[in-house]
1. Under a 5 Å amide H to amide H cut-off, with H placed in plane at 1.01 Å, what residues pair with A:S342 once short-range neighbours are removed?
2. Tell me, in nm to one decimal, what length is gained between B:E117 and B:S218 on full extension, where the rule is 0.36 nm per residue of separation less the Cα-Cα distance?
3. Mind listing the long-range amide H neighbours of B:D146? Cut-off is under 5 Å, sequence gap 5 or more, other chains count too, H placed in the peptide plane at 1.01 Å from N.
4. Can you tell me the length gained on complete extension of the stretch B:E340 to B:N13, counting 0.36 nm per residue apart and subtracting the Cα distance?
5. Could you work out the mean count of beta carbons from other protein chains within 10 Å of each residue's beta carbon in A:310-320?
6. Can you work out ³J(HN,Hα) from phi for every residue in the range B:222-233, in order, using Karplus 6.51 cos²θ - 1.76 cosθ + 1.60 and θ = phi - 60°, giving whole Hz and x for Gly and Pro?
7. Please give the calculated 222 nm ellipticity per residue for the protein assembly as shown, where each DSSP H segment of at least 4 residues contributes -39500 (n - 2.57) and the sum is spread over every residue; nearest 500 deg cm²/dmol?
8. In a Gaussian network model over chain A where Cα atoms closer than 10 Å are linked, find which of A:A253, A:A298, A:A85 has the largest mean-square fluctuation.
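None of the figures in this text is laboratory data; all of them are computed from the coordinates on show. What you see is a predicted model, and the numbers here were worked out from it, not measured in a lab. When we count neighbours, we look across all protein chains shown, and the Cβ atoms used for this are built from the backbone with ideal geometry, even at glycine.
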Amino acid sequence: MAVLNEEQEMLRDMAREWAVNESPVTEFRKVRASGAPEAFDRNAWSTMGQMGWTGVIIPEEHGGSDFGFMSAGLVIEELGKTLTASPLLMSTIAATAIVLGGSDEQKAKWLPKLASGEAIATLAVDEGASHDPAKIETSVSGGKISGTKAFVHEAHGADLFVVAAKDGLYLVEKGDGVSLTTRKLTDQRSHADVTFDGATADKLTGGGDSLLDDVLDRARILTAAEMLGMAQQVFDVTLDYLKQRVQFNQVLASFQALQHRMADLFADLAQMRSAVEAGLQAVDSGFGVARAATIAKAEANRVLHTMSNQGIQLHGGIGMTDEYDVGFYLKRARVLEASFGSTGWLKHRFAKLGGY
Amino acid sequence: MATQLEAETRSDNDAFREEVRQFIADNFPAELKGKANALAGVDGPTDENAAQKAWREAMGAKGWGTPTWPKEYGGGGLDKKQARIIDEELARAGAYNPIGGMGVMMFGPTLLEYGNEAQKREHIPPICRGEIRWCQGYSEPNAGSDLANLQTFAEDKGDHYLVNGQKTWTSGGQWADKCFAIVRTDKSDKHHGISFMLIDMDSPGVEVRPIQMISGMSPFCETFFTDVKVPKENLVGEEGQGWTIGKRLLQHERTNISGGGRLAGMMGASLGDIAKKYCATDGDGELEDKVLRDKIADFEIRWNSFLLTARRAMEESKAAGGVSEISSVLKKIGTKMSQERSELLIDIRGLQGLGWEGDGFSTGELETVRAWLFGKATTIYGGSTEIQNNIIAKRVLGMLDHQ
Ligand SMILES: Cc1cc2nc3c(=O)[nH]c(=O)nc-3n(C[C@H](O)[C@H](O)[C@H](O)COP(=O)(O)OP(=O)(O)OC[C@H]3O[C@@H](n4cnc5c(N)ncnc54)[C@H](O)[C@@H]3O)c2cc1C
């Protein structure tokens, strides 16, 4: 665990306490059972706004706390542990785009609302089922945007879309010219293909040529933070289970085969945590973000993949039941794994960044 | 790759092949082409349409659904080569074997080995005709990997047993007609106090409660026995011999779960071909994503070597007579590889490969997502991978028991 300052510790403890007490997995079950495409609880969301989690990376002059990415990551990690369904991750990612690339006017218009949670934003980049920012057809002409974005996370609750077009990023408000087609994925969260048909698009002109890449790197790092929370939780509940389940007159935890498995997973988790925390710190220090983001998401993919499979395996038959939570982590894991860079894509990117 | 294996397996026996071909042409309803055996699995109720029924009855009457089983009990009485010809010809015609389920995969072979004459005459023919569904009453809440810890008790009441207890994870329990169960008949001896018996699922006192799985399906149940009367003639083998019989049945189960050889066909198209549909290719027709290309090639190489291992093991154990300890090796590798394949399919398809329901996904895509989730169970049931490792270490390699 990175060395945290007092502020960060408080933030993390607050998030942990809230997640455990107010937003355990039973809350996600309620969201799932409701079947609402929006797939989150508005009351929980407004609480997040009140606690300031929606404005962690937003500058103070725009209503945020400017605590930075490490802090945002801590909150997202804690909520990942209990699978809290909310647009916090996506709205934070979208806000970074405005922070990095928005004009004073755009910032003044959107950031305070995003900071308070009054408005929700999301990022719409990919046009196919796999992350590939090199292939974008969406285009803007005369201030009107046209194109379809595939599998946009948290699209149903979004008031604002940060949309990648051929020549840059645009802000598009929900409303005329924006239509959603729901895509239900295994994680049972909000996903939709979003079609922009002549909707008004407001370009983010700041941030330079690398704006899209910079935003995506931050998306990778914050997504990895949620994955870290999930991996940590699967590890913890699995370890607890092995310590109490008795077979052959012994707790499973006494079997060396399982002890070594848990030791391997523990080591993997340590690596994942370092990679994710380094990613968050890289953004805060403004140094080596692209490389750090690639490492963070690639390690998150690798470790959560193994952890989510092992979580089920080590629980035995009970892990296969819907009544037990561990399966939910598996289902969300693959969705996040495929978002903002699959392992294969990240390996390409890492090699490219390394110049080989 | 598949073609190389196919070429190797092509058997001569031309006259028999011709007979099979003709039979399929005469009997297989065209409308069922490309469909799978809906009744063989444990994942659905037994509603069958007229065509399915006709096909099942035609194959059942021939005994060709269980081709190597003795003719006198309703099997085909054929040798392995001929059985393989039937498989090949079914595949060629886009047909399937309509006879299946736990009766075929594990209970039948076990009963043929341990059952008495009357039991074989009563139970084997309906299995060969696909008329009866069996379920497996093994696991209990506190008897999973430690199966011999089972507590369901069968009390000797003279002409019958009175069974009380709870089983769990009973696959297909809600659709089954009968259950082969292992139960305790003697509380003083963990292993020798177990007996193997057959229980009618519609006996008074049997209650099943379906459990929902992570894949969304509810194909398995908690099964409760309250004062269930089981006639004495339903005891298979001797009282106290249940552990031995039960373990033999598990060897059959493992061989079947691992796929033996048939899995190859079930696996369908090569991953490379699927990837070319979903992912970009370069001018040479190669996948642009070289990392993915490497992963697929790596998988297909190991998958082929697994199939070859399964083939070799089958031939060797046939020569030695019956199933063998190698079933643990096959189960361990086969289940892991089919899980890997599902994960690769998802990787290839991206988010399109993670659909849960609704528009925008093909039936095939949705099915593979559910199969991916259900497939996580294959390394758990039938003796988990960890238990297979223990079996290999202790029984095959003679390493010491650490427990
Ligand atoms: C989909 C599905 C269908 C099933 N169908 C049936 C059915 O039809 N009939 C039936 O009777 N049963 C069925 N089962 C039950 C299945 O056989 C058991 O789940 C299995 O034996 C594992 O037992 P358990 O779930 O109690 O896990 P546990 O025994 O509690 O095991 C938990 C974990 O610990 C590991 N472990 C346990 N002991 C050891 C050890 N000594 N050394 C190392 N690792 C160990 C296991 O490998 C596993 O990873 C089914 C299970 C599933 C998931």
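1. Under 5 Å from the amide H of A:S342 lie the amide H atoms of A:H131, each far enough along the sequence or on another chain.
2. Working: separation 101, 0.36 × 101 = 36.36 nm, distance 3.63 nm.
Length gained, B:E117 through B:S218: 32.7 nm.
3. Result for B:D146 returns A:F248.
4. This chain segment gains 114.1 nm when fully extended.
5. Values: counts 0, 1, 6, 8, 3, 1, 9, 13, 6, 4, 13.
Across A:310-320, the average partner-chain Cβ count within 10 Å equals 6.
6. 8, 10, 10, 10, 10, 6, 8, 7, 10, x, 4, 5
7. -15500 deg cm²/dmol
8. The residue that fluctuates most here is A:A253.
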